[in-house]
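Presented below is the structure to which this report refers.
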Amino acid sequence: MKEEVNLNSEIFIENMEKLHTTTLGIQRLQNNLLIKEKDVVRWCKNKIKQSNAKFIRQGKNYYIRVDDYEITVNANTFTIITGHIKK
């Protein structure tokens, strides 16, 4: 079960320049989120910056929920691992 923590989004946003993903991550994000953006990192950053983004930390990952999306980010490396559409 994911537990919501009092993660200040400003702290996360301060580390935004560290966000990145792998080649496989790009493909996974495009497929899972049904986006055609080539720069999926920029797309994710824009979503994460939205005021309605909710931050959840479970173990080594952050789960950022915004609109109908959930973006999974490794808390130590700030690697965007995957994303999913939530309805």
Exercise. So what is the relative contact order for the chain, in percent, with contacts set as C-alpha pairs under 8 Å and at least six apart?
Worked result: 32
Seminar exercise, completed: From most to least accessible, 1.4 Å probe, no ligand or DNA/RNA atoms counted, 77, 23, 82 line up as 23, 77, 82
Exercise. Over the alpha carbons of the range 11-87, what is the largest minus smallest coordinate on each principal axis, giving the biggest first in Å?
Worked result: 29, 26, 21
Seminar exercise, completed: Counting only protein heavy atoms and rolling a 1.4 Å probe, one gets per residue an accessible area for the chain in Å² of 64
Exercise. Quick one: which of 18/87; 36/60; 18/86; 18/38 span more than 20 angstrom between C-alpha atoms?
Worked result: 18/87; 36/60; 18/86
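The values are calculated or read from the model by the stated rules, or taken from the named source; none is laboratory data. Everything quoted here is computed from the prediction, not taken from an experiment. Calculation scope for accessible area: heavy atoms of the full protein, side chains included, ligands and nucleic acids excluded. Shrake-Rupley method; radii C 1.70, N 1.55, O 1.52, S 1.80 Å.
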